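The values are calculated or read from the model by the stated rules, or taken from the named source; none is laboratory data. These figures come from a predicted structure and were not determined experimentally. Here Cβ is always computed from backbone atoms with ideal geometry, including for glycine, and neighbour counts include all displayed protein chains.
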Amino acid sequence: MPDPLNMLFGTLAYLAALLTALWTWRHWHYRSYWLLLGGVVTVIRVRLTWRKVALGCGLTKKQHRWWFTVVPRAVASTGIVKVRRRFQRVAVDVKPWMWVPRPTRHGWRVTVRLLEGQVPADYADAAERLAHAWGVHAVRVFSPRRGRVVLAVTIRDPLIRLDRVPASGELLKVVVGALENGRPWVIDFRTVPHWLNAGATQSGKSNLANILLVGLASQPVALVGFDLKGGVEFTPYGPRLSALATDRAESLALLDDLIAMMLDRMGLCRAAGARNIWQLPAGLRPVPVVVLVDEVAELYLMADKSEKDDVARTSTALLRIAQLGRAFGIYLFVCGQRIGSDLGPGVTALRAQCSGRICHRVNDPETATMTLGDLDPAALVSARAIPADTPGVAIVASQDGQWYRARSFHVAEHIAEQAARTHAHLTPSWDELTAPQHPAEVTTPDLAALLDA
Ligand SMILES: Nc1ncnc2c1ncn2[C@@H]1O[C@H](COP(=O)(O)OP(=O)(O)O)[C@@H](O)[C@H]1O
Ligand SMILES: [Mg+2]
């Protein structure tokens, strides 16, 4: 007969070994663990507890129905059995219909059918409650079609640990961080040409500019800086900058140059019958220019009335670049602590041209509204909830109409400075860039010959 104590110890040892194995598996290869075990258990748990969770989060309704029923009632008082016909009110907990949750890389996703009278906003309002009920990091709500919502659940915050800047390998495209759903956060100037990057001090704006500098430094592009805080931010990157403006006079001169360059490129494209520089043959295509602006408010603020004309000129020039730059390979990345309508109508117009929006933690609600408000009110709420202790976290919105919570990689200044020095030889000189590419003597037949070549 086996010794019961031995059996107990054997079982305990076996359980301990099993738990250790599971822990190790989860720790070392979370993905396979999640797909094969964790996800399956979660899916079952979510399905089984859905009625309770939905009720607790206020997502079910007590539906009252009037049933026309025949209820036999034995009334024994007189000894006669009566059958009474009556209406009866029945309350039902309606469980919102849920599809089978599908595990994703960082959690799961499930489609739920809305009950009558519900709108996706009801789920968005309950997202925080759902996240607590399920013990997960976040629940995001989308509504891909009428009557349905998709709940995208992230189990752990994927934005915590980031350690390297991966190369994108494509022109004008930089992987700058990670999105909340675990996918890379990409800034691609060819898809979204102009960006607005808002955030309070210490929120991570300059860090993002550093990443762009590191990402673009090795590419055949020209980088131009506007740094009206006396050049303290961008001067160290001088070796890789084709031009840098640090005060108003320099800004005006640089903007004039950029506009002249744009008009020249326009002439070149027109002569070659191209709609934009990308339709030109490679040999003829001018170098793309990325313009980094730090603290845009400085360009719009005036100390006294005498600066009024200069500010108006700056504002118009920036706006022209934003309107036409895309086709002619001039892209804007505009950073600012405060982006408010009080800076003048030029800012609002500039914003309208910047389809890429990044909103770090901000101090004033107006900046968040200006940056994201015209896209999606829910993004605004999320932007205002960014805590101060996570610099680099931002709400990102671009042309696809979706917005995401994201976190940038951390790139220290000295790394960006080193990248600027390492790739200094790739810096096109400003004279070279601004030299007319479409001189009058290049006739259309010459261009046609070049195009044929
Ligand atoms: N993604 C990030 N991860 C970790 N730390 C970051 C990140 N982005 C910025 N930081 C840190 O936060 C601080 C402020 O960043 P910075 O980019 O200078 O902010 P801002 O330009 O908005 O004032 C810096 O010390 C920087 O090292
Ligand atoms: Mg800064």
Look at region 405-416 and say how many of its residues are surrounded by 19 or more Cβ atoms within 10 Å (Cβ to Cβ) and of a type outside the set (A, V, I, L, M, F, W, C). 3
Residue check for residue 136: assigned to a loop (DSSP other than H, G, I, E, B) and among the aliphatic types (A, V, I, L, M): yes
Which condition from (1) at positive phi; (2) without any contact (Cβ under 8 Å) to a residue 24 or more places away in the chain is the one that residue 121 breaks? (1)
Restricting attention to region 138-151, does a residue exist that is surrounded by 14 or more Cβ atoms within 10 Å (Cβ to Cβ), at pLDDT below 90 and in contact with a Gly (Cβ under 8 Å, 6 or more places away or on another chain)? no
Among the helices (runs of 4 or more DSSP H) contained in region 286-354, which hold 1 or more residues that are of a type outside the set (Lys, Arg) and within 16 Å of ligand 1 (Cβ to nearest atom)? 297-300
Going through region 113-124 one residue at a time, which ones are surrounded by 15 or more Cβ atoms within 10 Å (Cβ to Cβ) and either farther than 22 Å from residue 48 by Cα or under 24 Å from the mean Cα position of the chain (by Cα) (or both)? 118, 120, 122, 123, 124
How many residues are near ligand 1 (Cβ under 9 Å from one of its atoms), part of a loop (DSSP other than H, G, I, E, B) and farther than 26 Å from residue 154 by Cβ if we restrict to region 171-229? 1
Quick one: is residue 156 modelled with pLDDT under 85 and under 18 Å from residue 408 (Cβ atoms)? no
Residue tally, condition among the aliphatic types (A, V, I, L, M) and either more than 18 Å from residue 256 (Cβ to Cβ) or at pLDDT below 95 (or both), over region 224-241: 2
Within region 382-439, the count of residues that are assigned to a helix (DSSP H, G or I) and either under 30 Å from residue 127 (Cβ atoms) or within 13 Å of ligand 1 (Cβ to nearest atom) (or both) comes to 7
I'd like to check something: does region 273-295 contain any residue that is basic (Lys, Arg) and within 25 Å of residue 348 (Cα to Cα)? no
Single residue of region 350-372 satisfying the filter (more than 22 Å from residue 276 (Cβ to Cβ) and surrounded by fewer than 18 Cβ atoms within 10 Å (Cβ to Cβ)) that is nearest to ligand 2 (Cβ to nearest atom): 363
For the structure I just gave you, tell me whether residue 54 is modelled with pLDDT under 85 and either assigned to a loop (DSSP other than H, G, I, E, B) or not assigned by TED's automatic domain parsing to the domain that holds residue 136 (or both). no
Pick from 242, 251: which is in contact (Cβ under 8 Å) with a residue 60 or more places away in the chain and in a strand (DSSP E or B)? 242
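This table checks each residue for (1) among the hydroxyl-bearing types (Ser, Thr, Tyr); (2) under 26 Å from the mean Cα position of the chain (by Cα); (3) at positive phi.
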| site | (1), (2), (3) |
| --- | --- |
| 306 | yes, no, no |
| 322 | no, yes, no |
| 329 | no, yes, yes |
| 338 | no, yes, no |
| 343 | no, yes, no |
| 362 | no, yes, no |
